[in-house]
1. How large is ³J(HN,Hα) for each residue in segment 223-232, as worked out from phi by the Karplus curve 6.51 cos²θ - 1.76 cosθ + 1.60 (θ = phi - 60°), to whole Hz, x for Gly and Pro?
2. Report, in debye and to the nearest 20, how large the dipole of segment 15-91 comes out about its Cα centre when Lys and Arg carry +1 and Asp and Glu carry -1 on their Cβ.
3. If amide H atoms are built 1.01 Å from N in the plane of the peptide, which residues on other chains or at least 5 residues away come under 5 Å of the amide H of SER74?
4. Show me, for segment 29-34, the HN-Hα J-couplings you get by feeding each phi into the Karplus relation (A = 6.51, B = -1.76, C = 1.60, θ = phi - 60°), rounded to Hz, glycine and proline as x.
5. Extending each Cα 7 Å along its Cβ direction at GLU44 and GLN106, get the distance between those two points in nm, one decimal.
6. What lysines does LYS223 reach when the alpha-carbon gap must be under 21 Å and sequence neighbours fewer than 8 apart in one chain are set aside?
7. Give the long-range amide H neighbours of VAL66: residues separated by 5 or more places, or on another chain, with amide H under 5 Å away, using H modelled in the peptide plane at 1.01 Å from N.
8. If you stretched the chain out fully between ASP78 and ARG98, how much longer would it get, using 0.36 nm times the residue separation minus the C-alpha to C-alpha distance?
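The numbers here are math on the coordinates, done by the rules we state, and not lab data. Quantities reported herein were computed from a predicted structural model and do not represent experimental measurements. Cβ sites come from the backbone with ideal geometry, for glycine too, and all protein chains shown count toward neighbours.
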Amino acid sequence: MTESTRTPPRPHAADAALQGLFIEIFNGSLAPGDSLPPERVLAERYGVSRIIVRQAVHKLKDVGLVEVRQGGASRVLDPALADARVLELLLRYGAQLRDGAAQLQQELQEYQALYAIGLLEAAARRATQAERQALLQLVQACPADPDEVRARTLDDAFWRHITRMGKNRILQMEMALWRRWQRSHEAAEDPAIGDPAAGDPADDTPLGASPAELRWFYHALAKQLATGKDPLPFYLATVRGN
C-alpha cells in the first residue's frame, strides 16, 4: 500500500508486557486455565512497572484472552474463544510466535480469501454504475506491464475502491484495521506474515507470478463489475487455481 510515509504511532510503554504475554499465551507457555504470574514477577520479566503490567493484562482482558479476578490471580482463557479484536494483536505480533506460526499463516490466508469474497459480493450488490466505471478506469490507468511499485499501488487502490463500493461499514472498519497494521509493519521493517504481499487483506491473488498478472487479474475483475456480471466465479476460479 502507499501510506507508509505516515508517522506510525509511538509504542506504548505497555507494549513490551503486552507482546510478551500475548506470545506466551499463543505459544502455549501460558495455557488456558493457568494463572498469570504475579504482577511483580511480570514487571521484572518485561522490564516495566507493575502499573504497566496491569495495563497490559487489562488489554488482554478486553480481547478475551485473560480473565481478571478481583482479589485473585488472573486466569488465561482459550485463545480460540477470544474476541475478534484479538486480530489486531495477531497482526502485530503473530510473526514472532515460536509455535503455530505456520498454522497462523495458513489461517490468515484463508481469512484473506474469505474477506475478499465479502468485499466483492458487497460491491457487486451495492455499487453504482459510475463507481463501477471509475474502478475500471482506475485499473486501465495502470500500465499493462507495471513495475513492482505501480502494481502495489494498484493493489492498494483497487481494494480501497472495492471497499467503498460495497458501502458496508463493518468491512470498511476491517479494511482500516489491516491498513493501520501494514503502515506500522512497514515502518518497523518487520518480517511479513506469509507472502510478501500479505499486508493487503484481500491479497490472496495470483500476485506470486508477476505484477503484469496482478494487473490482468484486477482488470478482469473490474470488467466483470462494470458489465454487471458476478465477479465471484472468476475470482474463485483464479485464486483456487494458484
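1. Values, residue by residue: 5, 4, 5, 5, 9, x, 8, 6, x, 5 Hz.
2. With only Lys, Arg, Asp and Glu charged at Cβ, the dipole is about 260 debye.
3. Placed amide hydrogens put LEU36, ARG69 under 5 Å from SER74.
4. So the Karplus estimates, Gly and Pro as x, are 4, 10, 8, x, x, 5 Hz.
5. Distance between label points: 4.0 nm.
6. LYS167
7. LYS61, LEU77
8. 5.4 nm
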